[in-house]
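Report on one structure; see the data block that follows.
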Amino acid sequence: HPPHLSYSLSTMISAILLVNRKGQIVVGRFYRHDVTPAQAETFLQQVIRSKETGTQPPVTLMDSTSFLYTRHTNLYFVASTGGNGNPALIFEYLYQKIAILKAYLGDTFDEDKVRQNVTLIYELMDETMDFGYPQNCSIDVLRLYVNLGKVGARELEEKDPSQLTSQITGAINWRQPGIRYRKNEVYIDLLESVNLLISTSGQVLRNDVSGKVMMKTQLSGMPECKFALNDKLSIDADGGGGGRRARTVEIDDCTFHRCVRLGKFDADRTITFIPPDGEFELMRYRVTDNISLPIKIIPAIQEEGRTRININLKAIALFKAKLNATNVVIKVPVPPNTASCNIHTGAGRARFEPEQRAIVWRIKRFGGETEFLMAAAVDLMPSARQKPWSRPPISAEFQVPMFSSSGVYVKFLRVYDKSGYTAARWVRYITRAGNYAIRI
């Protein structure tokens with residue numbers, strides 16, 4: 001969309017440069033006059049040519065000008081701004097620019113490939129940025145009318161010119177009109193990663209959930225979807241949700257796919273969008289309160305002199321009995337001078353794996369509301385220079401289908417289309433271990 005006149009100057013990008021390892025500008029475009037080539041030359045001399053990119057942060061301030069850069073193969077993508085720009089927006093634009101060039105030039109494009117396609121790259125620079133404001137970065141739309149490369153030349157010949165115009169200027173550039181399915185379906189996956197850190201005294205130091213909502217849509221036409229989770233603010237906005245009080249969750253740090261209408265979300269906490277066709281990530285979120293741990297691990301480690309360690313471990317499944325954890329892997333570190341291990345387990349298989357310096361306990365299927373024990377006697381080789389064992393933390397991997405560790409669940413998904421069809425909806429929950437560590 002064209003920039004609004006009320007945007008402040010500080011949000012603008014002044015220049016985009018593609019620079020090689022020698023600090024030479026391969027392709028560059030100065031969109032505004034508040035950053036001069038001389039200022040860019042100072043940055044190239046002090047950072048790129050002096051080989052300081054590995055030791056300095058990717059944001060550098062020189063002469064009241066900010067330079068932000070990232071690397072791809074043997075090229076540096078550099079953005080500069082004379083104001084107090086938004087670094088997250090600028091880095092996102094640079095990553096989008098790299099993704100666009102990958103689509104046109106191949107995943108491993110380098111300086112030689114860029115020099116061979118200078119005209120194409122200048123055209124893409126002008127289409128994706130106007131007077132310092134990021135514009136259309138959708139590869140699917142760019143390939144319709146920027147056809148100097150191999151991408152999209154065939155599709156361009158088949159497009160109606162009026163449809164091409166609406167694709168370029170319209171608000172919905174992630175979905176093409178005219179899509180038809182015999183059976184309309186929506187698949188929703190709530191994927192959560194549980195992060196846990198427990199101290200040696202059993203105190204919880206970190207416990208949060210990082211989640212994302214993945215969708216696969218097979219819907220005809222141009223449908224509008226309304227989607228809601230049991231977010232505490234959305235329940236409050238609905239006036240409490242009626243008689244029975246459902247569990248509510250405080251969701252933090254939401255980020256959405258660009259198809260979501262953020263104004264509607266701010267107003268009533270419903271997620272309204274016209275979905276892309278196929279698979280996409282609708283949103284990411286984080287929950288930090290009232291986390292339900294899927295598996296609790298209680299270790300007891302006793303050192304007997306310098307030649308023996310006794311390890312006792314209890315793993316308890318805290319989810320409901322009708323559920324099962326799969327592919328459970330618990331890694332219990334042992335000292336580097338471990339000679340042998342005598343291990344007994346109540347389920348699964350455990351063995352000493354020297355390359356990992358750990359006893360690895362694998363359980364294919366861990367039923368809910370059950371607990372298993374593992375006991376190990378570890379014999380150590382005597383060492384001339386006895387260093388104290390650093391005791392790395394126990395780590396765990398697992399997957400629990402149809403379990404939400406954060407308590408987040410889908411309240412509803414409604415699909416509206418002018419043809420009035422009914423779409424089938426499928427929801428799946430999967431909780432996995434993220435950084436799951438117990439110090440010993």
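The values are calculated or read from the model by the stated rules, or taken from the named source; none is laboratory data. Being a predicted model, the structure only gives us computed values, none of them experimental. Cβ: placed from backbone, ideal geometry, glycine included. Neighbour counts: every protein chain shown. What goes into the accessible areas is simple: the full protein's heavy atoms, side chains included, and nothing from ligands, DNA or RNA. Shrake-Rupley method; radii C 1.70, N 1.55, O 1.52, S 1.80 Å.
Does K322 satisfy being among the charged types (D, E, K, R) and surrounded by 13 or more Cβ atoms within 10 Å (Cβ to Cβ)?
Working: among the charged types (D, E, K, R): yes; surrounded by 13 or more Cβ atoms within 10 Å (Cβ to Cβ): no.
Criteria not met by K322.
Please indicate, with yes or no, whether at least one residue in the range 176-187 is at pLDDT below 95 and in contact with an Asp or Glu (Cβ under 6 Å, 6 or more places away or on another chain).
Yes: one or more hits.
Kindly indicate which of P382, P392 is touching a residue at least 24 places away in the same chain (Cβ under 8 Å) and in contact with a Pro (Cβ under 6 Å, 6 or more places away or on another chain).
One residue alone meets the criteria, P392.
If a residue must be open to solvent by 20 Å² or more (accessible area, probe 1.4 Å), part of a strand (DSSP E or B) and more than 12 Å from I298 (Cα to Cα), how many such residues does the range 308-319 contain? Explain how you work it out, then say what you get.
We begin by selecting, within the range 308-319, every residue open to solvent by 20 Å² or more (accessible area, probe 1.4 Å); these are 308, 310, 312, 314, 316, 318.
Restricting the remaining residues to those that are part of a strand (DSSP E or B) gives 308, 310, 312, 314, 316.
If we keep only those that are more than 12 Å from I298 (Cα to Cα) too, we end up with 308, 310.
The total comes to 2.
Do we have any residue at all in the range 137-151 that's aliphatic (A, V, I, L, M), at pLDDT below 90, part of a loop (DSSP other than H, G, I, E, B) and open to solvent by 70 Å² or more (accessible area, probe 1.4 Å)? It would help to see each step written out before you state the result.
Just the residues of the range 137-151 that are aliphatic (A, V, I, L, M), to begin with: 139, 141-142, 144, 146, 148, 151.
Filter once more, keeping what is at pLDDT below 90: 139, 141-142, 144, 146, 148, 151.
Now narrow it down to the ones that are part of a loop (DSSP other than H, G, I, E, B): 146, 148, 151.
Now narrow it down to the ones that are open to solvent by 70 Å² or more (accessible area, probe 1.4 Å): 148.
The answer is yes; a qualifying residue exists.
Is it true that some residue in the range 322-337 is free of Cβ contacts under 8 Å to residues at least 40 places away in the same chain and over 16 Å from I394 (Cα atoms)?
Scanning the range 322-337, I find no residue that is free of Cβ contacts under 8 Å to residues at least 40 places away in the same chain and over 16 Å from I394 (Cα atoms), so the answer is no.
Considering only the range 352-380, state which residues are exposed (fewer than 12 other Cβ atoms within 10 Å of the Cβ) and either within 18 Å of T307 (Cβ to Cβ) or among the charged types (D, E, K, R) (or both).
The initial filter retains those residues of the range 352-380 that are exposed (fewer than 12 other Cβ atoms within 10 Å of the Cβ), namely 354-356, 365.
Result: P354, E355, R365.
I need the full set of residues from the range 95-136 which are in contact with a Cys (Cβ under 6 Å, 6 or more places away or on another chain) and surrounded by fewer than 18 Cβ atoms within 10 Å (Cβ to Cβ), in order please. Steps first, answer last, please.
If we filter the range 95-136 for residues that are in contact with a Cys (Cβ under 6 Å, 6 or more places away or on another chain), which is where we start, we get 96, 128.
Correct list: Q96 only.
Among the hydroxyl-bearing types (S, T, Y) and more than 26 Å from F280 (Cα to Cα), is that true of Y145?
Details: among the hydroxyl-bearing types (S, T, Y): yes; more than 26 Å from F280 (Cα to Cα): no.
No; evaluated as a whole, the condition is false for this residue.
Please enumerate the residues belonging to the range 265-287 that are open to solvent by less than 50 Å² (accessible area, probe 1.4 Å) and touching a residue at least 60 places away in the same chain (Cβ under 8 Å).
Answer for the range 265-287, where residues must be open to solvent by less than 50 Å² (accessible area, probe 1.4 Å) and touching a residue at least 60 places away in the same chain (Cβ under 8 Å): I274, P275, P276, G278, F280, L282, M283, Y285, V287.
Residues to consider are T65, T60; find the one that is at pLDDT below 90, surrounded by 19 or more Cβ atoms within 10 Å (Cβ to Cβ) and closer than 16 Å to I16 by Cα.
Numbers: T60 fails: surrounded by 19 or more Cβ atoms within 10 Å (Cβ to Cβ).
None of the other options fit; the residue is T65.
Quick one: count up the residues across the range 392-440 that are among the basic types (K, R), surrounded by 14 or more Cβ atoms within 10 Å (Cβ to Cβ) and in a loop (DSSP other than H, G, I, E, B).
So in the range 392-440, the residues among the basic types (K, R) come out as 411, 414, 418, 425, 428, 432, 439.
In the following step, the residues that additionally are surrounded by 14 or more Cβ atoms within 10 Å (Cβ to Cβ) were identified as 411, 414, 425, 432, 439.
Going one step further and asking which of them are in a loop (DSSP other than H, G, I, E, B), we end up with 439.
The number of residues fulfilling the criteria is 1.
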